[in-house]
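Working notes for the structure below.
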Amino acid sequence: MRERSQQQVEATQGSSRAETVSLRLANGVWVLALPTPKPARGYRGVASVQLWVAAGAAAERKREHGCAHLLEHMVFKPYLDGQGRRRDLAGVVEQLGGDVNAFTSHDETVFHATVPADAWTTVIESMVGAVIGREFDPELLAREQDVVVEEIRQYADDPAARSVQAMMADLYGQHPYARSVLGEEHEVRALTPGILRGWAKRQYRGQRVVLVVAGPIDVVELEATARRLLEGLPPGGRPRAKAQPEAPLEPRVRIVRDDVQEAYLRLGWIGGVALDLDAVALDVAAVALGQGESSRLALSTRRREQLVSDAYASYLAGLASGTFLVSAQAETGAVERATEALLDEVEALGRHPLEPEEFARARALLQSSLVYRRETVQGQAHALAYFAAASGQLEAEAEYFERLAGLTPECVRVACARHLRRDRAAITILIPRERVEARAVRSMTGRLVRRCRRGPAPMISALRRAPTCDASGTWHATHRCGLRVVARPDPSVPVAAGWLVWPGGLRLESARDAGISSLSAALLNRGTSTRDGDALAREIEGLAAVLDGFSGHNSVGLQAESLAEHLPTVLARALECAIEPGFAPEEVEEARRIVLADLEADADDLGHLAYRRMLGALYGRHPYGRDLRGTAASLARFDQAKITRNWARHYPIGRAVLSLAGAFDLDQVLAELDHLLAPLGPFATRDVPAPMPKWPGGPPTWPRRPIEQVIEREREQGQCVIGFPGLGLGEPENEALDVLCSVLGGQSGRLFESLREREGLVYQVGANSSEHLDGGHVVFYAAASQDKLAATRLAIEAEIARITSELITTEELDRAKRWLIGQFESGLQRRSRVAARMVFGEVYRLGVNHYLRYPERVEAVEREQILALARRVLDPRRQVTVLVRSGGARGR
């Protein structure tokens, strides 16, 4: 361990009453101390020592099967300490008046002891000595292999245990969770001291080891002890995340004629991951379904229908996946009806939310474990170690109970609907051999498979498939209505942003309907079928949030930003605006009035006027040549009915993409979405159009010869706008064009240096590009006094000719790259920018993670590429020039 001044020392007030002290050794070993008050005089108090290793049966290689469990057994065999003394962990602990034990799971191996408080240092020494770096005597190993084989046989003789293991094997298939933690007899027999040493050396290291001590202890002494005993371990990171198993694509039903007197029924499902929202929800579902005399299985299948003699449900949250298990015993003649009844009860969890009373009972039982755990130091230590080992985070236990407190019956229903489908179940039944013939078993198996294959009722699955996370850390989900969700959770700042976007916008408009997309977008946050615009504005502004509509050349949508705690409300309002927009007549009139006023004002903005004229000449009949806002004539045609029909036709919710970035729980968001989209409004139930509609007129027809236009205005300052056809979205040279414009534009670009700094012709000059689905453009612009306008144009054209005739310098290329990448990275500080990058990548079919590779693509640009691109794009034969000058000024 580093010296205290250099250590990472954290102190948090967790869910336990005592303050937890967290210490990280230099090699990654995690030491957690939970000091409790010193006992009253005359009492020594009690301490708990627990050593958790994040390596269980799932981490075993093929020849190591059973290794983790066998090593756990060997820890309790005598060993020689560093001074050659023979030690025995169990003997040491028991002589001190304590007890010690261990367990192995698929995910971890755990050694734990509870002893008088004045003996905890001795116990740590003995435990670490027995576990870490020890040798394995061949004779002792052989004897212990016999013991483990007997344990394996004991489990094999237990119908309950072997039925669960058979079900797990069918449920998990080739995944390590399908294997028994104990291993098979032949596998255990094949293990050698060398294999055990290799396993321990590879797994018992660094961040995989967590030492927890709870009780009236001295933290400084714990530091010294941990340094002395554990800093010699080799460093190592947390184990790689295990691949999540795929749920069965077909129901797996196994009925075995066995030497049993009563039938054993085991039904299992894959779902959730340890500590995530679905795992918490399935925890609650398991309690409500089958734990306690007031649970559903106790009341229905056991008491009312009397189909089973016992039935219960449980949920085991593993690090790779959780297992939802229903277990029951039944009379032979009732097996089929009992299985069907159990399936119906599980399926009901996904059909309807839990009743308030049973939901409260289930949640209270789970929450009470937090209180009961505080009674003993071993309970506190176990909880602290479990959550820390599972997550690598000190706050994980508190987060679990926060999620539990924030859970709703609807969240539980959605999780059950997502995971507990009868067509994804694995069912194992042990049935008395003497009472049922093989032919009857085959027939029963076939009937149960057919009943399971009928799948869920339409309302069960809210998502077309379970959410998935790609290699870049972006989550993907698709709602049954077609809405796609892409998300990047980031809890570092309690802010969240979202964009709800449809492909469409200007490029879908006819000349007659010009501006309808822009006007519709402006109205989206101005009321719904049940909420007026003013009330909505007061609510959103009262939350210090943003909810605005937007419309562009290729898309339409809503963008939202809020504090993380208000995201559910803001998201609910965004979906309400999207699915049931009001488009109230008075709001339409007000929006139209504002747009008409803006269009009139733009006639005084000569730079904008010249730019609009250039686009019209460059794009011709294509919609990109028109103003996004339309014209006075087209706006006059729009009323509530027309806007509503247009929105319903082009923008059903199933055609949209929702992107989210920031501090949010994805599972909770998906549950909220399912709740919000359940009563789909009139715009969501229509047939979903093609995901990327095409403009019927085809791509733009570019000019074949230079075009020059002059706008005469009596102004002191003139305007010069020069445009060329550019590139479309997603073309391979988009980043090269960014570099090209950066070299020319900006305050250290060629245009600024030449026209302003050296020649003093202009105050403002620049160059940029725009890319759209059907094409794009490059534009140069400058404002100059009337007497300098002609010289300004010549100077711009000279720089265009220069960049198309010679290579840019290495310094210019490097500067442009640094600036572009710096601006890109600076922008990604905002959650809204991240969400925007994701959503437009997804909507325009570039890929949701397309933006993440932007720096890489910029870095790959070469000088020769810039020259070739400039010659292709800045073609003087396709140049469109628009000048704004006074009537008395002379031209070129």
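The values are calculated or read from the model by the stated rules, or taken from the named source; none is laboratory data. In this text, all values refer to a predicted model and were calculated from it rather than measured experimentally. Note that each Cβ is placed from the backbone with ideal geometry, even for glycine, and that neighbours are counted across all protein chains shown.
The table below gives the values:
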| item | result |
| --- | --- |
| Lone unmet requirement of (1) without any contact (Cβ under 8 Å) to a residue 60 or more places away in the chain; (2) of a type in the set (A, V, I, L, M, F, W, C); (3) surrounded by 18 or more Cβ atoms within 10 Å (Cβ to Cβ) for residue 161 | (3) |
| Criterion (in the same structural domain as residue 573 (by TED's automatic domain parsing), in contact (Cβ under 8 Å) with a residue 60 or more places away in the chain, under 16 Å from residue 843 (Cα atoms) and of a type outside the set (A, V, I, L, M)) met by exactly one of 526, 507 | 507 |
| Top-ranked residue in segment 576-589 [being in contact (Cβ under 8 Å) with a residue 12 or more places away in the chain and acidic (Asp, Glu); ranked as surrounded by the fewest Cβ atoms within 10 Å (Cβ to Cβ)] | 580 |
| Among (1) assigned by TED's automatic domain parsing to the domain that holds residue 309; (2) part of a helix (DSSP H, G or I), the one test that residue 257 misses | (2) |
| Criterion violated by residue 645 - all others in (1) at pLDDT 90 or above; (2) outside the structural domain of residue 566 (by TED's automatic domain parsing); (3) basic (Lys, Arg) satisfied | (2) |
| Residue check for residue 681: under 27 Å from residue 561 (Cα atoms) and either at pLDDT below 65 or of a type in the set (Asp, Glu) (or both) | yes |
| Residues being modelled with pLDDT of 95 or more and either under 16 Å from residue 408 (Cα atoms) or under 25 Å from the mean Cα position of the chain (by Cα) (or both) - total across segment 248-269 | 1 |
| Residue satisfying condition, being more than 26 Å from residue 674 (Cβ to Cβ), of a type in the set (Asp, Glu) and surrounded by 14 or more Cβ atoms within 10 Å (Cβ to Cβ), within set 397, 375 | 397 |
| Flag if residue 422 is out of contact with any Asp or Glu (no Cβ under 7 Å at 6 or more places or on another chain) and touching a residue at least 12 places away in the same chain (Cβ under 8 Å) | no |
| Conditions (1) outside any loop (DSSP other than H, G, I, E, B); (2) touching a helix residue (DSSP H, G or I) at 6+ places or on another chain (Cβ under 7 Å): number failed by residue 72 | (2) |
| Filtered residue count, segment 342-395, keeping only those that are over 23 Å from residue 100 (Cβ atoms), touching a strand residue (DSSP E or B) at 6+ places or on another chain (Cβ under 9 Å) and free of Cβ contacts under 8 Å to residues at least 60 places away in the same chain | 1 |
| Residues satisfying the stated conditions in segment 514-537, i.e. under 13 Å from residue 630 (Cα atoms) and in a loop (DSSP other than H, G, I, E, B) | 514, 515 |
| Members of segment 294-315 that are outside any helix (DSSP H, G or I) and surrounded by fewer than 19 Cβ atoms within 10 Å (Cβ to Cβ) | 294, 305, 306, 309, 310, 312, 314 |
| Number of the exception - residue 232 against (1) of a type outside the set (A, V, I, L, M); (2) surrounded by fewer than 19 Cβ atoms within 10 Å (Cβ to Cβ); (3) out of contact with any Lys or Arg (no Cβ under 6 Å at 6 or more places or on another chain); (4) over 22 Å from residue 134 (Cα atoms) | (4) |
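Rundown of residues vs (1) at pLDDT below 90; (2) crowded, with 22+ Cβ neighbours inside 10 Å, yes/no style:
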site: 69; (1), (2): no, yes
site: 98; (1), (2): yes, no
site: 114; (1), (2): no, yes
site: 124; (1), (2): no, yes
site: 130; (1), (2): no, yes
site: 147; (1), (2): yes, no
site: 152; (1), (2): no, no
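Conditions tested, residue by residue: (1) surrounded by 20 or more Cβ atoms within 10 Å (Cβ to Cβ); (2) part of a loop (DSSP other than H, G, I, E, B); (3) at pLDDT 90 or above; (4) not assigned by TED's automatic domain parsing to the domain that holds residue 161.
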| position | (1), (2), (3), (4) |
| --- | --- |
| 429 | yes, no, yes, yes |
| 440 | no, no, yes, yes |
| 445 | no, no, yes, yes |
| 448 | yes, no, yes, yes |
| 459 | no, yes, no, yes |
| 478 | no, no, no, yes |
| 485 | yes, no, yes, yes |
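The rows are residues; the columns are (1) modelled with pLDDT under 90; (2) surrounded by 23 or more Cβ atoms within 10 Å (Cβ to Cβ); (3) not assigned by TED's automatic domain parsing to the domain that holds residue 660; (4) not in a helix (DSSP H, G or I).
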{"site": "493", "(1), (2), (3), (4)": "yes, no, no, yes"}
{"site": "498", "(1), (2), (3), (4)": "no, yes, no, yes"}
{"site": "501", "(1), (2), (3), (4)": "no, yes, no, yes"}
{"site": "512", "(1), (2), (3), (4)": "no, no, no, yes"}
{"site": "539", "(1), (2), (3), (4)": "yes, no, no, no"}
{"site": "556", "(1), (2), (3), (4)": "no, yes, no, yes"}
